[in-house]
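Colleague: The following block contains the structure, expressed as structure tokens.
The values are calculated or read from the model by the stated rules, or taken from the named source; none is laboratory data. This is a predicted model, so every value here is computed, not measured. In this analysis, Cβ positions are derived from the backbone assuming ideal geometry, glycine residues included, and neighbour counts consider all displayed protein chains.
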Amino acid sequence: MADQDLTPVFQIQRMYLKDMSLEQPNSPQILLEQQQPQVDIQLGLSGEAIADGVYESCVTATVTTKIGDRTLFLIEAKQAGIFEIRNLPQEQVEGILNVVCPQMIYPYLRAVVSDVCTRAGFPPILLTEVNFQAMYESRMQQAANGLAA
């Protein structure tokens, strides 16, 4: 019976859209422009414990499109998930929160961004695939280099 208490647990409790905003500050005049806009996409990750063995993981995308120095539209979307993670070493929990959870959340975020673009009257923006493992390893390497300095 005690062995069951130490069984590793990883379960999705919920996926949800935590925050969403769309801005078109120069509409409707900028919609008449014929130039191709420049698109900038920034991704962010966050995660935190919200209860004993329960964590929230969030992936944020900020999509800014401009024509010259004027913003065509700006989308910020934060997709989140609540995960139960128990009976694992802390370093494994960190890896799960920074790699596995974002990999599960990201397809939902991609769909939201694409859908909002379309509903706003623009061609959909398709976020590219992301290697969250490489991102995590890079951050860990930067942190190790920072400690060594």
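Colleague: Which of (1) farther than 19 Å from Arg119 by Cβ; (2) out of contact with any helix residue (DSSP H, G or I) (no Cβ under 8 Å at 6 or more places or on another chain) is the odd one out, the single condition Arg70 does not satisfy?
Modeller: Every condition holds for Arg70 apart from (2).
Colleague: Do you know which residues across segment 111-130 are more than 26 Å from Pro28 (Cα to Cα) and surrounded by 12 or more Cβ atoms within 10 Å (Cβ to Cβ)?
Modeller: Val130
Colleague: Counting only residues that are within 14 Å of Gly81 (Cα to Cα), among the aliphatic types (A, V, I, L, M) and surrounded by 13 or more Cβ atoms within 10 Å (Cβ to Cβ), how many does segment 18-62 have?
Modeller: Number of matching residues: 3.
Colleague: Let me ask something else. Looking at Arg86, Arg14, Arg70 in this structure, which one is farther than 20 Å from Asn131 by Cα, surrounded by 12 or more Cβ atoms within 10 Å (Cβ to Cβ), in contact with a strand residue (DSSP E or B) (Cβ under 7 Å, 6 or more places away or on another chain) and of a type in the set (Lys, Arg)?
Modeller: On the way: Arg14 fails: surrounded by 12 or more Cβ atoms within 10 Å (Cβ to Cβ); Arg70 fails: in contact with a strand residue (DSSP E or B) (Cβ under 7 Å, 6 or more places away or on another chain).
On inspection, the qualifying residue turns out to be Arg86.
Colleague: Which residue pairs have Cβ atoms under 9 Å apart, sit 6 or more places apart or on different chains, and have a first residue in segment 56-70 that is modelled with pLDDT of 95 or more and a second that is among the basic types (Lys, Arg)?
Modeller: Correct list of pairs: Glu56/Lys18; Cys58/Lys18; Cys58/Lys78; Val59/Lys78; Thr60/Lys18; Thr60/Lys78; Ala61/Lys78; Ala61/Arg110.
Colleague: If we scan segment 88-101, do we find a residue that is assigned to a loop (DSSP other than H, G, I, E, B), touching a helix residue (DSSP H, G or I) at 6+ places or on another chain (Cβ under 8 Å) and more than 20 Å from Leu45 (Cα to Cα)?
Modeller: yes
Colleague: Looking at Leu31, Leu43, Leu17, Leu72 in this structure, which one is closer than 19 Å to Pro124 by Cβ and part of a helix (DSSP H, G or I)? Walk me through how you get there before you give the answer.
Modeller: On the way: Leu43 fails: part of a helix (DSSP H, G or I); Leu17 fails: part of a helix (DSSP H, G or I); Leu72 fails: part of a helix (DSSP H, G or I).
Exactly one residue qualifies, and that residue is Leu31.
Colleague: Also, quick follow-up: Give me a count of the residues in segment 102-129 that are touching a residue at least 60 places away in the same chain (Cβ under 8 Å) and touching a helix residue (DSSP H, G or I) at 6+ places or on another chain (Cβ under 6 Å).
Modeller: Looking only at that region, the number is 2.
Colleague: Turning to a different aspect of this structure: Among the residues of segment 60-86, how many are among the β-branched types (Val, Ile, Thr), within 20 Å of Asn26 (Cα to Cα) and over 10 Å from the mean Cα position of the chain (by Cα)? Before you say what the answer is, go through the steps one by one.
Modeller: If we filter segment 60-86 for residues that are among the β-branched types (Val, Ile, Thr), which is where we start, we get 60, 62-65, 67, 71, 75, 82, 85.
Now narrow it down to the ones that are within 20 Å of Asn26 (Cα to Cα): 62-65, 67, 71, 75.
Those still in the list that are over 10 Å from the mean Cα position of the chain (by Cα) too: 63-65, 67, 71, 75.
Here the count works out to 6.
Colleague: Of (1) in contact (Cβ under 8 Å) with a residue 12 or more places away in the chain; (2) of a type in the set (S, T, N, Q); (3) out of contact with any strand residue (DSSP E or B) (no Cβ under 8 Å at 6 or more places or on another chain), Gln79 satisfies all except one. Which?
Modeller: So the condition that Gln79 fails would be (3).
Colleague: Going by the structure shown, is Gly47 within 27 Å of Phe132 (Cα to Cα) and touching a residue at least 12 places away in the same chain (Cβ under 8 Å)? So that I can check it myself, show each step before the final result.
Modeller: Values: within 27 Å of Phe132 (Cα to Cα): yes; touching a residue at least 12 places away in the same chain (Cβ under 8 Å): yes.
Yes; evaluated as a whole, the condition is true for this residue.
Colleague: Would you mind telling me which numbered condition in (1) more than 12 Å from the chain's Cα centre (by Cα); (2) closer than 20 Å to Phe122 by Cβ Pro89 fails?
Modeller: For Pro89, the exception is condition (2).
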